[in-house]
């Protein structure tokens, strides 16, 4: 059991969920070399996640899920990321989307129930396709260049989406588009096998290669009007607790780097020393600094998650805390991995170890939403208003 997670397990159910994630993490870990080379989400990883019923966990029980809460999601996602951060981040988007749809009633009830039943029975996976080349992150508020034009009882969608995580293996895409007739942005639920939908393999980054976040191209895609499942008249201000799957992922990467660094320090003994380097003062200092940062990050993240779970009526007031968790935890994770590499020294850059992969992957957290500058401005604005 993880040294850092044992303090946050509250019951037998959470213990069982964590054990499920631990077993999956070991399987995913063995495929990291493969996904690093392919820059694709591993179909074998997806098979294992589906076989373990992982993808259905956020669903209400009547649809075959366990309706996990935020704390349980984070426990499992963090543990999964210890095995493979890119796989954890990827499936985290599906988990979060399903959790959001289950909790916030964004769709018509009959639409959601039909979709939830299909996910439960067939173990399907979904993700939002929102980012675009011209607009950047959707959190910045840009209007999509992807357009949906009404033609009779159908819509015709044209556009290109970037950073579509798991693009090649998703069963459904939730595509945002500007709807001309409504002068609004909406989301369309589009099956992968719809004519005119194809994936262009553009994912060439150095970090999180196994997410397979390729471009989704939509060319004269004809879909029925009932595929329009959300219409956004204005920007929603409701906090999204499930987005804490992002810092949970990077925290898992940092824990894995810490564990490997401690193991390395305990086993490596140059002939200039009579003890392993774990006994050298400046190495012990770095180990202690890693654990201090990790303890602080864990108590902050799981403390806010517990508040979200136990006080549903107060969720609308947790926006600043949720954003602060993301910024604080992902930055702490970067600092921990940097310390791990300093402990490993030059060997940390070798492909024989995973340190260099941790270092590349954890950096990606700084570019997931919400961005640091937006969080700091939010906190500053709140402070100014409160005095």
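The values are calculated or read from the model by the stated rules, or taken from the named source; none is laboratory data. Since the structure is predicted, the reported quantities are computational estimates derived from the model, not experimental observations. Neighbour counts run over all protein chains shown; Cβ positions are idealised from the backbone, glycine included.
Things to note:
- Residue identified as surrounded by fewer than 20 Cβ atoms within 10 Å (Cβ to Cβ) and either farther than 21 Å from residue 309 by Cβ or within 18 Å of the chain's Cα centre (by Cα) (or both) among 100, 78, 72: 100
- In the stretch 118-136, the residue that is surrounded by the fewest Cβ atoms within 10 Å (Cβ to Cβ) out of those that are touching a helix residue (DSSP H, G or I) at 6+ places or on another chain (Cβ under 8 Å) and in a helix (DSSP H, G or I) is 120.
- Only listed residue being over 30 Å from residue 213 (Cα atoms), touching a helix residue (DSSP H, G or I) at 6+ places or on another chain (Cβ under 6 Å) and assigned by TED's automatic domain parsing to the domain that holds residue 257, chosen from 276, 370, 312, 281: 276
- Single residue of 295, 339 found to be within 17 Å of residue 253 (Cβ to Cβ), surrounded by 16 or more Cβ atoms within 10 Å (Cβ to Cβ) and more than 19 Å from the chain's Cα centre (by Cα): 339
- Residue 239 being exposed (fewer than 14 other Cβ atoms within 10 Å of the Cβ) and either farther than 19 Å from residue 358 by Cβ or without any contact (Cβ under 8 Å) to a residue 60 or more places away in the chain (or both): no
- Residues located in the stretch 162-177, provided they are closer than 18 Å to residue 208 by Cα and not in a loop (DSSP other than H, G, I, E, B): 162, 163, 164
- You will find that of 213, 236, the residue that is closer than 24 Å to residue 145 by Cα and at pLDDT below 95 is 236 and no other.
The rows are residues; the columns are (1) assigned by TED's automatic domain parsing to the domain that holds residue 80; (2) assigned to a helix (DSSP H, G or I); (3) more than 25 Å from residue 356 (Cβ to Cβ).
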{"site": "261", "(1), (2), (3)": "no, yes, no"}
{"site": "266", "(1), (2), (3)": "no, yes, no"}
{"site": "270", "(1), (2), (3)": "no, no, no"}
{"site": "285", "(1), (2), (3)": "no, yes, no"}
{"site": "291", "(1), (2), (3)": "no, yes, no"}
{"site": "296", "(1), (2), (3)": "no, yes, yes"}
{"site": "301", "(1), (2), (3)": "no, yes, yes"}
{"site": "304", "(1), (2), (3)": "no, yes, yes"}
